[in-house]
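Chemist: Below: one structure in structure tokens.
The values are calculated or read from the model by the stated rules, or taken from the named source; none is laboratory data. Since we're looking at a predicted model, the values are computed, not measured. Cβ sites come from the backbone with ideal geometry, for glycine too, and all protein chains shown count toward neighbours. The area values use the complete protein model at the heavy-atom level, side chains included, leaving out ligands, DNA and RNA. Shrake-Rupley method; radii C 1.70, N 1.55, O 1.52, S 1.80 Å.
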Amino acid sequence: SHPKAFSLLILVWTSFHFLLTMLSRTAPPLLRRVAAAATSRSSAVRYMSTSAVSPWAGFEMGPPDPILGLSHAFHEDPSHLKIIVGVGAYRDDHGHPFVLPCVREAERIVMSEGNDHEYLGIAGDADFIDLALKFAYGDDSAPLMENRVAGVQSLSGTGGLRVMGELLKNHGHSHIYVPNPTWGNHIPIFKNSGLEVRKYHYYDAKKSDLDFDNLIKDMKDMPEGSCILLHACAHNPTGMDPNMEQWKEISKVAMERNLVPFFDCAYQGFASGNAAEDAAAIRMFVEDGHNIALVQSFSKNFGLYGQRVGCLSVVAANEDEAKRVESQMKMVIRPMYSNPPRYGARLITTVLADPKLSSDFIVECKDMADRINRMRGLLRSELEAAGSTRSWDHITHQIGMFCYSGLTAEEVTALKEKHHVYCTLDGRISMAGVTSGNVNYIAHSIHDVTEG
């Protein structure tokens, strides 16, 4: 048998090596030199055979990312009918990536300045931070005028979330509450920060609506002092936001329970087409007296997906407290990624510091939001025209980049396999991938898998 043959081979090899060793010690000089050389070669062979196993051999293949893995499957699909509506990146009505004209002009200006490529400080670009904070809190924000907002440039929203998670963990927090559902990356980000992730009710899938009563009930049951993550606007993945009266109630309960509101603002200006309107909840909470935390992403609204530009801030009680909080932020950042990149921050600073480019941005951002809303209306009307017996009202009641369609995992799978339409398994559709040229096909494909 193979095991016996292998054992015999080992025995022969060991005996041969022992014989060579003895000869190298007792034989005449010439023979000893030959034996020593052979022994050395056999030892090298034995070392190579034992060290051939890689130190990484025990690593298992990780599961594909539910969103990025979807893109890979889409690109591997040879069908000419294939459409992807799963990735959260804006596309124009031809399905092409879109660069805002104001950003193109900012690129031209930045390139003409002959800037160097020196390191930024740990906190990032001070001019960018100042403009980013005014963009979110408002030019007339009392905490900004009182110098009690601690802010740092972050690696888009994701990096800011990770820094804040570690900051919370380092200063007495053991858990964080997130809406159910929430952006899929929130959970591993906070878990990797060392926090226990707890969920609160947010969306009623049966009614395709905000589960407001249970949301408030859950907040009232949260331990005092807990941190609660809130989506500032265009909730991902549901697209269902509280109205201002509901936000007022959420603020009231958060104050009663002494909760720490942490806003994730990834779509300011992109959701409604009005940046101030999209920041209304943030500004309300600050006016109500909350010392909030806020992370901003400039990927969606400025179309700077690959530049990883964001800002993390905390509203403190006073200027001295803000300085201490910022120092703790920098203590987290320094060993994590040292400092942020410059280029994207320069582009946003150039736009927001220039009155004309800022005005252009408002118009261009609204154009993106308006196209998304038109596609919502078209998708709903096409589904209704196809004779669907389901209600699709929620498509136009939701806001922002995503439509939480209500499709089951089985229907999503059928949509991909029968019609080559790709969306995430929870039925989230990126409305940015819907165009006037493909909306009819998408609607009839959905109708087929839901009514067939």
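Chemist: Among 395, 446, which is the only one that is among the aliphatic types (A, V, I, L, M), touching a Cys at 6+ places or on another chain (Cβ under 7 Å) and either more than 19 Å from residue 203 (Cα to Cα) or open to solvent by less than 10 Å² (accessible area, probe 1.4 Å) (or both)? Even if it seems obvious, please write down each step before you answer.
Modeler: On the way: 446 fails: touching a Cys at 6+ places or on another chain (Cβ under 7 Å).
When all the criteria are applied, what remains is 395.
Chemist: Which condition does residue 226 not pass, out of (1) within 15 Å of residue 178 (Cα to Cα); (2) touching a residue at least 60 places away in the same chain (Cβ under 8 Å); (3) among the hydroxyl-bearing types (Ser, Thr, Tyr), if it passes all the others?
Modeler: With (1) within 15 Å of residue 178 (Cα to Cα); (2) touching a residue at least 60 places away in the same chain (Cβ under 8 Å); (3) among the hydroxyl-bearing types (Ser, Thr, Tyr) applied to residue 226, the lone miss is (2).
Chemist: Of the conditions (1) surrounded by 10 or more Cβ atoms within 10 Å (Cβ to Cβ); (2) modelled with pLDDT under 80; (3) assigned to a helix (DSSP H, G or I); (4) within 46 Å of the chain's Cα centre (by Cα), residue 49 clears all except one; give me its number.
Modeler: (1)
Chemist: May I pose another question? Filter the stretch 331-387 down to residues that are basic (Lys, Arg) and within 21 Å of residue 298 (Cα to Cα) and give me whichever is surrounded by the fewest Cβ atoms within 10 Å (Cβ to Cβ).
Modeler: Taking the stretch 331-387 as the starting set, the residues that turn out to be basic (Lys, Arg) are 334, 342, 346, 356, 366, 371, 374, 376, 380.
Those still in the list that are within 21 Å of residue 298 (Cα to Cα) too: 342, 346, 356, 366, 371.
Working: 342: 22, 346: 22, 356: 10, 366: 16, 371: 20.
Out of the qualifying residues, it is 356.
Chemist: Please verify whether residue 132 is in a helix (DSSP H, G or I) and open to solvent by less than 20 Å² (accessible area, probe 1.4 Å), treating the condition exactly as stated.
Modeler: Working: in a helix (DSSP H, G or I): yes; open to solvent by less than 20 Å² (accessible area, probe 1.4 Å): yes.
For residue 132, the condition - in a helix (DSSP H, G or I) and open to solvent by less than 20 Å² (accessible area, probe 1.4 Å) - is met.
Chemist: Name the single residue, out of those in the stretch 163-194 being farther than 22 Å from residue 326 by Cα and in a helix (DSSP H, G or I), that is least open to solvent (accessible area, probe 1.4 Å). Spell out the reasoning first.
Modeler: Keep residues of the stretch 163-194 that are farther than 22 Å from residue 326 by Cα, which gives 177-188, 191.
Next cut, in a helix (DSSP H, G or I) only: 186-188, 191.
Values: 186: 1, 187: 43, 188: 53, 191: 122 Å².
Once the filter is applied, the top-ranked residue is 186.
Chemist: Turning to a different aspect of this structure: Does residue 151 satisfy the condition of being surrounded by 19 or more Cβ atoms within 10 Å (Cβ to Cβ), farther than 29 Å from residue 373 by Cα and either touching a residue at least 40 places away in the same chain (Cβ under 8 Å) or out of contact with any Leu (no Cβ under 9 Å at 6 or more places or on another chain) (or both)? Walk me through it before giving the result.
Modeler: Numbers: surrounded by 19 or more Cβ atoms within 10 Å (Cβ to Cβ): yes; farther than 29 Å from residue 373 by Cα: yes; either touching a residue at least 40 places away in the same chain (Cβ under 8 Å) or out of contact with any Leu (no Cβ under 9 Å at 6 or more places or on another chain) (or both): yes.
So residue 151 fits the description; yes.
Chemist: Please return the ranges of helices (runs of 4 or more DSSP H) entirely within the stretch 377-452 where 1 or more residues are over 25 Å from residue 180 (Cα atoms), among the aromatic types (Phe, Trp, Tyr) and over 28 Å from the mean Cα position of the chain (by Cα). Write out each step before concluding.
Modeler: Working: elements: 393-397, 409-419, 439-451.
Those helices (runs of 4 or more DSSP H) span 439-451.
Chemist: Here is a check on your reading of the model: is residue 309 open to solvent by less than 10 Å² (accessible area, probe 1.4 Å), β-branched (Val, Ile, Thr) and within 19 Å of the chain's Cα centre (by Cα)?
Modeler: On the way: open to solvent by less than 10 Å² (accessible area, probe 1.4 Å): yes; β-branched (Val, Ile, Thr): yes; within 19 Å of the chain's Cα centre (by Cα): yes.
For residue 309, the condition - open to solvent by less than 10 Å² (accessible area, probe 1.4 Å), β-branched (Val, Ile, Thr) and within 19 Å of the chain's Cα centre (by Cα) - is met.
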